[in-house]
Structure formats: C-alpha cells, structure tokens
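Here's the structure we're looking at; comments come further down.
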There are 2 protein chains.
Amino acid sequence: MYIYDYPRPALTVDCIIFGLGENSLKVLLVERADEPFKGMWALPGGFVDINETIDAAARRELEEETGIQSMFMEQLYTFGDVHRDPRGRVVSVAYYALVNLSEYNVQPGSDAHRAEWHEVSQLPPLAFDHTLIFETALKRLKGKVRYQPIGFELLPEKFALSQLQRVYELIIGKELDKRNFRKKILSMGLLIELPERQKGVSHRAAKLYKFDKAKYRQLEAEGFMFEI
Amino acid sequence: MYIYDYPRPALTVDCIIFGLGENSLKVLLVERADEPFKGMWALPGGFVDINETIDAAARRELEEETGIQSMFMEQLYTFGDVHRDPRGRVVSVAYYALVNLSEYNVQPGSDAHRAEWHEVSQLPPLAFDHTLIFETALKRLKGKVRYQPIGFELLPEKFALSQLQRVYELIIGKELDKRNFRKKILSMGLLIELPERQKGVSHRAAKLYKFDKAKYRQLEAEGFMFEI
DNA sequence: GCAAAAGTGTTTCCCCTACACCCATGG
DNA sequence: CCATGGGTGTAGGGGAAACACTTTTGC
C-alpha cells in the first residue's frame with residue numbers, strides 16, 4: 001500500500017471572516033466570478049498548496065482578501081461531503097477569523113472579484129455548502145466568546161467598556177446589564193486603563209482600556225478561566 | 001484554474017478511541033506493521049476513499065478496529081503540517097470516539113496487526129505527530145465532558161451513579177464530592193431511574209439509571225445548558 | 001439647558017461547597 | 001459481624017442578577 005496509489009480529494013480552505021459594523025456583526029463574502037455558482041456569494045477560499053500548511057493557506061487567503069497580515073484565526077471544522085462541489089471531490093478545511101474593521105479600514109474588492117461585508121442576520125444564499133459552514137462558524141463564535149477572551153479581537157487595541165459590551169451583546173444576542181458587565185470584566189484584572197479618553201464624541205468621553213494579553217496568558221497557565 | 005491542475009495532499013483519518021478501564025481511561029493503539037515507524041505504536045487510521053465522506057472513513061476505521069458499529073464519534077481537528085509524514089504530503093483529519101468497553105468486550109487485534117489498550121497517563125512514544133494529536137484529543141475530552149453529556153458514552157446503557165462519578169473523576173482528574181455530584185446530576189432530570197439494581201456485588205446494590213437522550217435534546221432546544 | 005452616553009453601589013437570592021453518618025448486602 | 005460501597009441533609013459563603021440616579025460633555 002503505497003500512499004500515491006490512492007485517488008485524492010482536492011483540498012481547499014474556506015474562511016469565515018467576522019467584522020464589527022456600526023451596530024451589527026458582519027461577514028466578508030465574495031462574488032463568484034466563475035462557474036459553478038457564478039454570480040453567487042461565497043466564503044473566500046482557495047486551494048491548499050502542496051508545500052504549505054493548512055494554517056498558512058488560510059492566512060494567505062485572509063491576507064489576500066483583507067490586506068491584514070495578522071489577525072485572530074482558528075481552525076473551525078473540515079467539510080468533506082462527497083458532492084459538496086459539483087466539479088469533483090473537494091474537501092475543505094474551514095477557518096474563522098476576527099478582524100477589527102475600524103482600525104484597518106479593510107477594503108474588500110482590491111482583488112479582481114467583488115467582495116462585500118454582509119450582516120450575519122441577513123445573508124444571501126451562498127454557493128456550495130457555505131451556508132452550513134457559516135452557521136457552524138457562528139455557532140462556534142457564540143459558544144467560544146463566553147469563555148475565551150476573543151471579543152477583544154473585533155475591537156481596536158484601545159476601546160471603551162461600552163464598546164466591549166456591545167460586542168458581547170451582538171454575538172450572544174441578548175442585552176447585558178451595564179453595571180454587572182463592568183464589575184465582572186474589571187474584576188478579572190485583565191484590562192489596562194489608559195490615560196487617554198475617547199475623542200470626537202458629543203457626550204462625556206469614555207475611558208479607554210486595552211486587553212492585557214501577557215497577564216491573561218499568565219493567569220491561564222495558573223488555571224484561571226475567563227468567563228462572561 | 002481547473003481543480004485537477006493542482007498536486008494534492010493525501011487525505012487520511014486518525015482515530016483516538018477512548019475506553020474505560022477498571023480504574024483508568026484508556027486509548028486504543030496499533031502497532032505499525034510497515035515503515036515508516038515500523039514497530040512503533042500509532043493511532044488507528046487510514047486513507048479516505050474518494051467516494052466516501054470523511055465521517056464515513058472514520059466510522060469505517062472505528063469499526064475495523066473495535067467491531068462496534070455505532071459509537072459516539074466527533075471530528076477533532078485537521079492536522080496538515082507539511083512534513084508530518086516522511087512519505088510525502090499527508091493531511092489527516094482526526095476523530096475521537098468514546099466506547100464502552102465492558103458492554104462490548106472489544107477485542108483489539110482481530111485484524112492482522114496488533115492493537116492494545118493503553119492507559120492515557122502512560123502512553124509509549126507514538127509514530128508521526130500522533131502524540132500531538134492524542135494530546136489535542138485529551139484536552140478536548142477534558143473540556144467537553146463538563147458541558148456536554150458525553151460521559152455517559154463511556155458507560156454501559158445502565159449504570160450506577162458512582163460509576164458515572166468515577167468517569168468524571170478520571171477525565172477531569174480530580175475527586176468530586178459524592179453528595180454534591182448526585183444532587184447536581186439528579187437535579188437536571190436527565191436520568192431515568194430503572195427498577196433494576198446492580199447484581200453480583202458484595203455490598204449493597206446500587207440503583208441503576210439510564211440517560212434520557214430524548215429529554216436532553218428537548219431541553220437543549222429550549223436553551224438548557226448541561227454542566228457538571 | 002438639553003441630549004446622550006459614562007459612570008457608579010447595594011440588596012437579594014440562588015447555587016456551589018463543605019462536611020459525617022447510617023444503611024443494605026454478601027461473605 | 002464485618003467489610004464494602006450505597007445513600008442521604010444542612011448550613012454558610014460567594015458570586016450572579018436586579019435595579020436608578022448623577023455626571024460629564026458637545027452642541
């Protein structure tokens with residue numbers, strides 16, 4: 001049994017890129033330029049090169065689509081139904097990524113194809129099994145945001161507590177009590193209060209904070225569990 | 001860009017099969033019959049057929065190794081380092097499975113190769129990147145057992161509460177208070193008390209229970225969260 | 001001075017934890 | 001009768017949830 005004797009599925013990555021809109025959670029979709037599903041919206045993705053790890057392929061796709069080199073990214077699940085691609089057997093490893101739109105001013109569409117941010121609650125029909133992939137990603141995000149500090153990845157480095165609270169409310173999908181939220185998040189001791197404040201707002205300017213990654217890693221190693 | 005123009009990685013599945021020993025958690029390992037890593041222990045696995053889903057390939061491997069047709073199984077993670085297999089580019093989708101040893105009397109080694117149950121705390125060196133895969137599986141199991149009712153999968157259909165408690169203690173790795181454990185698990189209302197009792201024990205026979213899957217699914221749909 | 005969001009404490013209640021003794025059964 | 005695990009209740013503490021008003025700032 002030599003490993004080259006077997007016909008092989010093609011291997012791709014697909015990326016679910018979440019971003020934060022004004023008052024909604026968004027996902028980056030691309031319009032398919034070719035058949036199959038020409039003209040339909042799809043998740044950005046592409047083939048895994050024979051000399052590149054799957055993670056590297058996902059990073060490459062993320063950068064191609066957004067121009068951002070380092071963002072939070074995590075493998076989601078591998079989809080391998082026999083008929084998920086009409087062209088033949090294609091197995092896809094899905095990744096989800098979180099990006100801060102306001103800081104980077106992401107310009108989708110720098111590539112040849114059209115790309116747009118869509119509200120997660122109003123997605124168009126998607127090509128292939130991408131609706132299933134997207135739903136899997138959203139479910140994972142909702143589950144994970146409560147017990148891992150990934151909400152910060154959607155915000156700029158410096159943020160106000162109300163922004164952070166809005167992130168959680170958008171993802172979890174229910175309102176949180178302001179005082180209890182602040183108490184809880186501050187009591188973890190994982191936020192560094194900055195000397196600066198919000199600028200250009202027409203009301204009292206909020207204190208800005210940043211997430212203390214080093215401290216989180218230390219606490220995590222000691223058995224601390226993040227939880228909202 | 002036609003999908004057949006790309007050189008493709010080979011695609012395999014690897015299975016981490018957990019079973020419950022007398023007083024320990026065990027994993028099924030096979031001894032490699034061929035190079036590379038001939039004679040070393042490895043996770044059972046094999047190639048994904050071009051006409052079979054990845055899940056089906058994993059199920060097939062599980063059945064080949066254990067003779068059991070339906071056991072709890074879940075995709076774990078996909079491992080795709082470029083040099084993880086010295087024969088060439090091989091991407092492996094790992095699955096973990098939970099099996100109840102006492103009920104099925106699993107006979108590893110029915111196949112041509114040697115297979116044995118090993119205590120998870122005393123594993124030999126493994127072939128390929130299988131130590132990494134195994135550690136990923138164990139971490140997942142430890143994390144998941146607390147908030148999904150998968151502990152039951154390691155037990156026979158009818159079990160005593162003390163058996164269930166032992167499962168949790170083994171996986172989580174710390175002792176639990178008997179009264180609190182019983183209170184919590186019974187208060188969820190997910191166990192059906194059976195009219196029968198343990199047999200053949202030289203002390204007071206324990207009540208037997210079974211897990212109420214239908215009720216769990218119903219509660220889950222209503223937003224209920226299992227948690228130990 | 002008004003609109004809009006920032007910021008702040010206290011009480012109540014429930015759940016988690018800690019903890020020790022009697023009971024049933026087989027040998 | 002003894003060894004082995006089965007089975008049970010309560011008190012205290014801590015964290016989660018509920019809840020409303022004052023402060024700051026720009027216009």
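Set side by side, the residues A:E169, A:E153, A:E222, A:E193 differ, and just one is among the charged types (D, E, K, R) and at pLDDT below 95, which is A:E222. Is at least one residue of the stretch B:40-60 without any contact (Cβ under 8 Å) to a residue 12 or more places away in the chain, away from every other protein chain (no Cβ under 14 Å) and not hydrophobic (A, V, I, L, M, F, W, C)? Looking for residues that are without any contact (Cβ under 8 Å) to a residue 12 or more places away in the chain, away from every other protein chain (no Cβ under 14 Å) and not hydrophobic (A, V, I, L, M, F, W, C), one finds none in the stretch B:40-60, hence no.
Give the stretch B:167-180 a look and list any residue that's more than 9 Å from DNA strand D (Cβ to nearest atom) and either over 21 Å from the mean Cα position of the chain (by Cα) or within 14 Å of chain A (Cβ to nearest Cβ) (or both), or say none. Scanning the stretch B:167-180 gives B:I172, B:G173, B:K174, B:E175, B:L176.
Inside the stretch B:21-60, can you point out the residues that are part of a helix (DSSP H, G or I) and of a type in the set (K, R)? B:R59, B:R60, listed by residue number. For B:T136, the requirement of being more than 12 Å from DNA strand C (Cβ to nearest atom) and within 14 Å of chain A (Cβ to nearest Cβ) is met. Evaluate the stretch A:105-127: report whether one residue or more is over 16 Å from A:L28 (Cβ atoms), more than 17 Å from the chain's Cα centre (by Cα) and surrounded by 15 or more Cβ atoms within 10 Å (Cβ to Cβ). Within the stretch A:105-127, not a single residue is over 16 Å from A:L28 (Cβ atoms), more than 17 Å from the chain's Cα centre (by Cα) and surrounded by 15 or more Cβ atoms within 10 Å (Cβ to Cβ). With respect to the conditions (1) assigned to a helix (DSSP H, G or I); (2) within 13 Å of chain B (Cβ to nearest Cβ), A:E63 lacks only one, and its number is (2).
Count of the stretch B:166-217 residues, restricted to those that are of a type in the set (A, V, I, L, M), over 15 Å from B:F152 (Cα atoms) and more than 11 Å from DNA strand C (Cβ to nearest atom), is 1. Of the residues making up the stretch B:168-212, those that are within 18 Å of B:V145 (Cβ to Cβ) and of a type in the set (V, I, T) are B:I171, B:I172, B:I185. Based on what the data block shows, is B:V82 within 16 Å of DNA strand C (Cβ to nearest atom) and among the β-branched types (V, I, T)? It is false that B:V82 is within 16 Å of DNA strand C (Cβ to nearest atom) and among the β-branched types (V, I, T).
Results for (1) farther than 25 Å from B:K144 by Cβ; (2) within 14 Å of chain A (Cβ to nearest Cβ), shown as yes or no for each residue.
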| position | (1), (2) |
| --- | --- |
| B:R8 | yes, yes |
| B:V13 | no, yes |
| B:I16 | no, no |
| B:G21 | no, no |
| B:E31 | yes, no |
| B:E35 | yes, yes |
| B:K38 | yes, yes |
| B:G80 | no, yes |
| B:R84 | no, yes |
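Candidates in the stretch B:1-38 are the residues that are of a type in the set (G, A, S) and modelled with pLDDT under 95; of these, the one that is farthest from B:K142 (Cα to Cα) is B:A33.
Of the numbered conditions (1) under 30 Å from B:P7 (Cα atoms); (2) surrounded by fewer than 21 Cβ atoms within 10 Å (Cβ to Cβ); (3) more than 16 Å from the chain's Cα centre (by Cα), A:M73 fails exactly one; give the number of that condition. A:M73 satisfies every listed condition except (3). Figure legend. Inter-residue proximity from the stretch A:197-220: first residues basic (K, R), second residues within 7 Å of DNA strand D (Cβ to nearest atom) and assigned to a loop (DSSP other than H, G, I, E, B), beta-carbon distance below 8 Å, spacing 6+ or different chains. Indicated pairs: A:R197/A:A205; A:K199/A:A205.
The values are calculated or read from the model by the stated rules, or taken from the named source; none is laboratory data. Bear in mind the structure is a predicted one, so any value in this text is a computation, not a measurement. Here the Cβ is made from the backbone with ideal geometry for all residues, glycine too, and neighbour counts use every protein chain on show.
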